[in-house]
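S.K.: Input: one structure, supplied below.
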Amino acid sequence: MGDTHTGTPRGRRREADRNDARLMRAAREVFAERGWNAPVSEIARRAGIGMGSLYRRYPSKELLAQRMRIAGMEQLVTQARTALIEEPDPWSAFARFLRDALSAQGAGGPLLPLVGGRLPATDETVAAADRLRATLDDLVAGAHRAGVLRADFTAADIPLLLEHLSPRIPVAGERAAALHLRYLDLVLSGLRTSTPDRPTALPGPAPHWAELSELWNAPTG
C-alpha cells in the first residue's frame with residue numbers, strides 16, 4: 001500500500017527531510033550574514049519552522065552547526081563523484097566539480113568556513129572529512145595523470161580555492177552567481193597545463209562600475 005499521508009512514518013520522514021533542508025539553507029544564510037552569534041530564532045523564522053520543531057531536531061546551536069559541517073562535506077563528495085562518473089575526460093571532471101560546487105554555494109557563501117574550527121571533531125565529522133579528502137584526491141590525481149592540471153596544485157587547495165571564489169559580492173543573486181563562475185574560468189585557465197580548447201572570451205558580460213557601487217556607497221533610505 002502506498003504512502004500518501006504525511007501522518008505515516010514514511011510521510012513524516014519526508015517532512016522531516018524537507019524541514020532539515022530548509023534549516024540548512026536558512027542557517028547558512030543567517031550565519032553568513034550575522035556570524036556565529038546569530039540567534040537560532042532567526043534561523044527558525046527564515047526556515048518557516050517553529051522553535052519547538054527546531055529544538056526537537058537540534059537541541060543546541062552546536063548540534064545544528066555540526067550537521068551543517070557534515071552536510072557541506074557530503075555535498076562536495078557527491079558533486080565530485082558525480083563529475084568523475086559522468087565526465088570521462090579528467091579535465092572536464094575537475095572543471096565541472098568546481099563549477100557545480102561554486103554554483104551550489106549560492107549567495108550564502110561557502111558553508112564549511114562558517115562553522116569549521118569552532119566545533120570539536122566527532123566520529124561522524126572525522127569520517128565525513130576522510131571521505132571528502134579521498135574523493136578530492138581521486139579527482140586531482142586523475143587530472144595530474146592526464147597531464148592537464150599543473151603539478152603544484154593539490155587536492156587540499158580546493159576548499160580554500162572555493163572559499164576565495166565565493167565571498168558575497170554586491171550584486172543580485174543570479175548576477176552574483178554568473179560573476180563567480182566568470183572568475184572561476186579565469187582560475188581554470190591558470191590551472192590547466194595545456195589549453196587547446198580555451199575559449200577566446202570569458203563567459204558573461206564583464207561587471208560595470210555601477211553594479212559595484214555598494215562597495216563604497218552606504219545604502220540610503
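The values are calculated or read from the model by the stated rules, or taken from the named source; none is laboratory data. Since the model is a prediction, treat every value here as computed from it, not as a measurement. Positions of Cβ are generated from backbone atoms using ideal geometry, with glycine treated the same way; all protein chains shown enter the neighbour counts. Keep in mind that these areas ignore ligands, DNA and RNA; they rest on the heavy atoms of the full protein, side chains included. Shrake-Rupley method; radii C 1.70, N 1.55, O 1.52, S 1.80 Å.
S.K.: In segment 116-149, what residues are in contact with a Leu (Cβ under 9 Å, 6 or more places away or on another chain) and part of a helix (DSSP H, G or I)?
M.R.: Selection gives T125, L132, T135, L136, D138, L139, V140, G142, A143.
S.K.: Could you please let me know if I85 is surrounded by fewer than 12 Cβ atoms within 10 Å (Cβ to Cβ) and assigned to a helix (DSSP H, G or I)?
M.R.: Considered against the rule, which asks whether it is surrounded by fewer than 12 Cβ atoms within 10 Å (Cβ to Cβ) and assigned to a helix (DSSP H, G or I), I85 comes out as yes.
S.K.: For segment 62-74, state whether one or more residues are among the charged types (D, E, K, R), closer than 25 Å to A121 by Cα and in contact with a helix residue (DSSP H, G or I) (Cβ under 7 Å, 6 or more places away or on another chain).
M.R.: So far as segment 62-74 goes, yes, one or more of its residues are among the charged types (D, E, K, R), closer than 25 Å to A121 by Cα and in contact with a helix residue (DSSP H, G or I) (Cβ under 7 Å, 6 or more places away or on another chain).
S.K.: OK, next. Can you tell me which residues in segment 1-49 are in contact with a helix residue (DSSP H, G or I) (Cβ under 6 Å, 6 or more places away or on another chain), open to solvent by 100 Å² or more (accessible area, probe 1.4 Å) and either part of a helix (DSSP H, G or I) or modelled with pLDDT of 85 or more (or both)?
M.R.: The answer is none; no residue qualifies.
S.K.: Which condition breaks for R56 when tested against (1) outside any helix (DSSP H, G or I); (2) over 21 Å from the mean Cα position of the chain (by Cα)?
M.R.: So R56 meets the others, but not (1).
S.K.: Condition (residue is open to solvent by 30 Å² or more (accessible area, probe 1.4 Å) and closer than 22 Å to G173 by Cα) applied to segment 59-76: is it met by at least one residue?
M.R.: yes
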